[in-house]
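Colleague: Take a look at the following structure, please.
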Amino acid sequence: MTATAGIDSELDYRRRLRDALSGITPAAVAEWERVGHLPRRVLADLAAADVFRGRWAPGAQVGIPMVVAMAEESAEICSGLALAAMGHSEIFIGGLHWLGTTEWHRTLLDDALAGRAIGCFGSTEPQGGSDLAGIRTTATRTPEGWHLRGRKRYVSNLGAATHVVAVARVEGSQARDLALFVVPLDHAGVRVHGFFEATGVRACDVGEVSFDEVLLPPEALLGTEGMGLAYASRLLQFERLSICAQLLTAVRQSIGLTAAHARRRLVGGVPLLDKQVVRHRLATATARLGVADAALRDVVARGTAKLPFAHQVAALKLVVGELASEVTDGCLQLFGARGYTGNFPLERWWRDVRLARIGGGADEVLTEAVASRLRLPDARFDAALDRYEAADIAR
Ligand SMILES: Cc1cc2nc3c(=O)[nH]c(=O)nc-3n(C[C@H](O)[C@H](O)[C@H](O)COP(=O)(O)OP(=O)(O)OC[C@H]3O[C@@H](n4cnc5c(N)ncnc54)[C@H](O)[C@@H]3O)c2cc1C
């Protein structure tokens, strides 16, 4: 399906995004964080400014510079907004855009692009999130459509969403034969149980929802049953790209503010930045940011050229997640007690970036994904090793 809108240059898109975000005040963000929910109208306002149409108009992969722009610009303002916008755009709109085939899907896609419908993603369950083969939510085919039963936990932006894209196992199939279903949250049998108090990204709520004998029309199934794992993996690569851009924004903000502090703060009568250990710590962080930023642009270039990028983005998220944790921690340290208080944003950036090492593929899961490549034969190095081993004799 297509998202009809003019195709912006990345620069124009950023300008439009900044305009759309310019009305959001720090006081509004502080209030969202205090109550732990993002008002639905915030994403609706971005939609009204064609932020989602602009991302999807060039297509899934060609539009990924807009994914990065959306992540960077919204994360500058509020990490919770960035997380909610990412789920709505990359999973909900992404799923409908790619897999929608019917009039029902087309109407829902249009509602999502216009902000009348807001989507979130439900994969994780109380018994676990990393092991998708262990998913217990079950979909049973009926003459009228589908019968859904189960429970999803840690669903981001559940409070503001109208729909959830739920991962389910089709009854009678193999454990890994999953399917994606679009479920309206006001549908009979769907119940939002409540929300969890989270360490960071507090403006975006994270909740639990159950499906109790939910009867869905046939169109609720996205794509083909049994393909849910492959679909979720593809959609998650866009989410991971967005997460990398969000994290690097927090790193950039942390280094910038800490360098300003180190130039101004006097310790023993000299600026903190005159201490070599401080200067080198900030310089190392700056160098690591530059390398990670270049790697992000490289993944974007691969994606835009319609080359596969799932493996590269998994590896990048692994590295950038650790980098963001370390750099925000180091910057908080250089701010001393102020960094630990809510009067400065260091403690918020430090808390916020921690999520990325768990959500969107935990570090250990991504490490396994990278490690899986090590088992593949490599003609060049296998042949080189043959040569070294053949010449390995005492002389
Ligand atoms: C704030 C927040 C927002 C979230 N938003 C969403 C959302 O919108 N939608 C959604 O579906 N989920 C969401 N999640 C859930 C998140 O995706 C899961 O927490 C994550 O997938 C890990 O699942 P788990 O917490 O059940 O941990 P488990 O799967 O129980 O894993 C526990 C630990 O074991 C490790 N582990 C797992 N497998 C292996 C392995 N093979 N080898 C070594 N170690 C392993 C994990 O990395 C982790 O460290 C969110 C979580 C949080 C905290």
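Every number in this text was worked out from the coordinates using simple rules, so none of it is lab data. Owing to the predicted nature of the structure, the values given are computational and were not obtained by experimental measurement. As a convention, Cβ positions derive from the backbone with ideal geometry for all residues, glycine included, and neighbour counts pool all protein chains shown.
Colleague: Given the options 313, 353, 99, identify the residue whose Cα lies farthest towards the positive end of the charge dipole of the chain (+1 on Cβ of Lys, Arg; -1 on Cβ of Asp, Glu).
Modeller: 353
Colleague: Between the range 149-172 and the range 263-281, how many Å separate their Cα centres?
Modeller: Measuring centre to centre over Cα atoms gives 50 Å.
Colleague: Relative to the Cα centre, what is the charge dipole magnitude of the range 230-379, using +1 at the beta carbon of each Lys and Arg, -1 at the beta carbon of each Asp and Glu, and rounding to the nearest 20 debye?
Modeller: Working: 21 positive and 13 negative charges, 86 e Å.
Computed about the Cα centre, the dipole is about 420 debye.
Colleague: Using the 10 angstrom Cβ neighbour count as an exposure proxy, how do 325, 89, 372 rank, fewest first?
Modeller: Details: 325 18, 89 29, 372 10.
Starting with the residue having the fewest Cβ neighbours, the order is 372, 325, 89.
Colleague: Cα centroids of the range 189-215 and the range 330-360: how far apart, whole angstrom?
Modeller: Each part's Cα centre sits 26 Å from the other's.
Colleague: Which whole-Hz couplings ³J(HN,Hα) result when phi for each residue of the range 147-159 is put into the Karplus expression 6.51 cos²θ - 1.76 cosθ + 1.60, θ = phi - 60°, listed in order with x for Gly and Pro?
Modeller: 10, 10, 9, x, 8, 10, 10, 6, 8, 6, 6, 4, x
Colleague: Give the value in nm², to one decimal: projected area of the alpha carbon convex hull of the chain, averaged over all directions. Don't jump to the answer; show the numbers that get you there.
Modeller: On the way: hull surface 99.1 nm².
About 24.8 nm², averaged over all directions.
Colleague: Of 264, 240, how do they rank once you tally other Cβ atoms within 10 Å and put the fewest first?
Modeller: Values: 264 10, 240 28.
Lowest count first: 264, 240.
Colleague: Also, quick follow-up: Rank 253, 276, 333 by mean-square fluctuation in a GNM of the chain with C-alpha springs under 10 angstrom and give only the top-ranked residue.
Modeller: Of 253, 276, 333, the Gaussian network model singles out 276 as fluctuating most.
Colleague: On to the next question. Quick check on the exposure proxy: order 103, 90, 347 from fewest to most C-beta atoms within 10 angstrom.
Modeller: On the way: 103 9, 90 29, 347 18.
By the 10 Å Cβ count, ascending: 103, 347, 90.
Colleague: Something else now. Only Cα pairs within less than 10 Å get springs; with that Gaussian network setup on the chain, which residue of 163, 105, 280 has the largest fluctuation?
Modeller: 280
Colleague: Just how many % of Cα pairs in the range 10-118 lie over 23 Å apart, if you round to the nearest whole percent? Could you put the intermediate results ahead of the total?
Modeller: Details: 1375 of 5886 pairs.
Above the 23 Å cut-off, the range 10-118 has 23 percent of its Cα pairs.
Colleague: Which of the lysines could be linked to residue 306 by a straight reach, that is with a Cα gap under 24 Å, when you skip same-chain ones fewer than 8 residues away?
Modeller: Straight-distance partners of residue 306: 317.
Colleague: Take the range 144-241, drop everything but the C-alpha atoms, weight them equally and run the Debye formula without solvent; then report log10 I(q)/I(0) at 0.11, 0.13, 0.16, 0.25 Å⁻¹ to two decimals.
Modeller: -0.35, -0.48, -0.73, -1.37
Colleague: Normalised radius of gyration for the range 230-379, please: alpha carbon Rg relative to 2.2 N^0.38 Å, two decimal places. If you can, show how the numbers build up before the last one.
Modeller: Numbers: Rg = 17.6 Å, N = 150, 2.2 N^0.38 = 14.8 Å.
For the range 230-379, the normalised Cα radius of gyration comes out at 1.19.
Colleague: Same structure, new question: What is the Cα radius of gyration of the range 290-362 over 2.2 N^0.38 Å, N being its residue count?
Modeller: Values: Rg = 15.0 Å, N = 73, 2.2 N^0.38 = 11.2 Å.
Computed over Cα atoms of the range 290-362, the ratio equals 1.33.
Colleague: Any idea which of 271, 300, 366 is furthest toward the positive side of the dipole for the range 230-379, if Lys and Arg beta-carbons carry +1 and Asp and Glu beta-carbons -1?
Modeller: Selected residue: 271.
Colleague: Kindly write out, for the range 41-55 in residue order, the coupling ³J(HN,Hα) from the Karplus curve 6.51 cos²θ - 1.76 cosθ + 1.60 (θ = phi - 60°), rounded to whole Hz, with x marking Gly and Pro.
Modeller: 5, 5, 6, 5, 5, 5, 4, 4, 8, 6, 5, 7, 4, x, 5
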